[in-house]
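A.B. asks: Just passing along the structure, written as C-alpha cells.
The values are calculated or read from the model by the stated rules, or taken from the named source; none is laboratory data. Every value quoted in this text rests on a predicted model; they were computed, and no experiment measured them. Counting neighbours? That spans all protein chains shown, and the Cβs are built from the backbone with ideal geometry, glycine included. Heavy atoms of the whole protein, side chains included, go into the accessibility calculation; ligands, DNA and RNA do not. Shrake-Rupley method; radii C 1.70, N 1.55, O 1.52, S 1.80 Å.
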Amino acid sequence: MKNPKIEVYRVILSPSSERRKEFYSFREFFIKKYGLKENAKDDKIFNKFFTDMFKSDNPDYNEDGKRRKAFRLSNDVKKGVNNFVIHGVLEGGPYDVGKSTGDRRTKRESKKLGKNIIIQDDFYFLLQTKLDKKVGILILQSYGTDKIDDIFRPFIKKLFKLTGQTYEAVVAPHFPTSFADLARNTAIVSELNYQTNNLVVNQLSEDGRDKLSGKFNVKIIITPVNESIPVQSLPKWKKIINKALFKFPENEMELESFNTKAGYLKSDTLKNPARFEINNDNISIQPSIYLEKIDSVVINENGNPDWETLKVYCINELLPELEEEIYGED
C-alpha cells in the first residue's frame, strides 16, 4: 500500500540585510534576480520566474549525490498568473540502488539495474509565491514509504537565494488547522507514562537484621484498553489517574508528584503516536494528510492519486484554507 499523502510548508524569504527584512517581497526578489524594471507587470515577472526555473520541457534531472536521488519536472507543469501558482507532477526517486528486475510471467533471469537507472515515481507539487508577500506556500505530495521532499525542499530553498539580496529561503512545516482539529477530535490516548528518578528507600529487611538502602528510577506505564480514553475525556481522566497512589514501605506518593508525566495519542491522521505533556492542557498535534481520507481525491488501483482530482482539491479547497491561515487579513 503506497498511502499517498500531502505535506504543507511555508517558504519564507531570508533577506540578507536588516533593512530589507520588514518590507521585502517576492516582487522585489524577482525584479532584482531577473533585472526587470521596477514597474514591470505581474504577468511578466511571474512568467520570467516560470520560464527560468520551471521549464516544463527541461529533460535534466536535479541530483543529490549524497542521498542518491534525483527528480525532474514532467511535461505536466502549469502556471496560474492570477494566483501566482506553479503546480504539476515531479518524476523522481533513488538511483544506483543495487537492485535487479525480473519478469514474473516468463521467469527469466533477473537483470541488474545500472547505476544511472532511477527507480522513480510521480509526485504532485504546488508552489505559490504571491508577489507582494514574503512568505509562500508549498504543497508536496509523497507516499508512506517513498518521498521526494528530502531533495525537493533544498531545491526550493536555493531558488530564492541571491547574492547581495537573500540567503536560502526557510522551508518550514505548516499544519492546516482543519486537519489538526480532525486529528485531535478522532485521537485516542494510547499510553500514559509517569516516571520519577532517584527515589530513595531506607528499610529494614524482613528479618530485621539488615538495613537496606537504595535509589530507584520508577516508571509506570498505563495503557487504556479498547480505545477507552478519547482525547475529549482526557482532562477528566488526568485528574483521576494523577491521584493514584504509588507505595513503597514508608514511602507513598501520588502519580501527580512524579518528575515526568507524558502521554501518547494515536489517530488515523497521525503518522506516529503524538507525545504530549500530561500537565499541559494545550496539546499540539502535527497531522499527516492522507489522501484516502479526502473524499474529493480519487486513488487509483496502483496507489497513485488521480492527478486531476488532486489538483482540483489543492487549488480549490486546500489552498484557500492555507491562504487564510498564513496571510489572514493581510
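A.B. asks: Under a 5 Å amide H to amide H cut-off, with H placed in plane at 1.01 Å, what residues pair with LYS5 once short-range neighbours are removed?
C.D. replies: For LYS5, the qualifying residues are SER142, TYR143, LEU291.
A.B. asks: Then there is this: Leaving out ligands and nucleic acids, and using a 1.4 Å probe, what accessible area per residue does region 187-330 come to in Å²? Kindly include the intermediate steps, with their values, before the conclusion.
C.D. replies: Working: 9020 Å² over 144 residues.
Heavy-atom accessible area per residue stands at 63 Å².
A.B. asks: Now a separate question. Please give the net charge around THR196, taking every other residue with its beta carbon less than 10 angstrom from that of THR196, where Lys and Arg add +1 and Asp and Glu add -1. Intermediate values should be presented prior to the final figure.
C.D. replies: Working: positive: LYS219, LYS261; negative: none.
Taking every other residue near THR196 into account, the sum is +2.
A.B. asks: What whole number of Å gives the distance from the Cα centroid of region 208-234 to the Cα centroid of region 5-47?
C.D. replies: The two parts, judged by their Cα centres, are 54 Å apart.
A.B. asks: Sticking with this one: Under a straight-distance cross-link criterion of Cα-Cα below 23 Å, which lysines are reachable from LYS5, leaving out those fewer than 8 residues away in the same chain?
C.D. replies: LYS69, LYS78, LYS79, LYS147, LYS157, LYS266, LYS271, LYS293, LYS311
A.B. asks: Ok, one more. For region 302-319, in order, what is each residue's ³J(HN,Hα) by Karplus, 6.51 cos²θ - 1.76 cosθ + 1.60 with θ = phi - 60°, in whole Hz (x at glycine and Pro)?
C.D. replies: Going residue by residue, I get 7, x, 7, x, 6, 4, 5, 5, 5, 4, 4, 4, 5, 6, 8, 10, 6, 4 Hz, with x marking Gly and Pro.
A.B. asks: Determine the shape class of region 151-240: with a ≥ b ≥ c the square roots of the Cα gyration tensor eigenvalues, call it rounded for a/c under 1.5, and otherwise prolate if a/b is greater than b/c, oblate otherwise.
C.D. replies: Working: a/c = 5.15, a/b = 1.93, b/c = 2.68.
Since a/c reaches 1.5 but b/c is at least a/b, the shape of region 151-240 is classed as oblate.
A.B. asks: How large is ³J(HN,Hα), in whole Hz, for each residue of region 256-262 in order, when computed from phi with the Karplus curve 6.51 cos²θ - 1.76 cosθ + 1.60 and θ = phi - 60°, using x for Gly and Pro?
C.D. replies: 4, 8, 5, 5, 10, 9, 9
A.B. asks: Counting only Cα, what are the radius of gyration and maximum Cα-Cα distance Dmax of region 274-320, in Å?
C.D. replies: When restricted to the Cα atoms of region 274-320, Rg and Dmax are 15.5, 45 Å.
A.B. asks: May I pose another question? Which net charge results when you count Lys and Arg as +1 and Asp and Glu as -1 among the other residues whose beta-carbon is under 10 Å from that of ASN83? Present the calculation step by step, with values, prior to reporting the outcome.
C.D. replies: Numbers: positive: LYS79, LYS130; negative: GLU323.
Around ASN83, the charge tally is +1.
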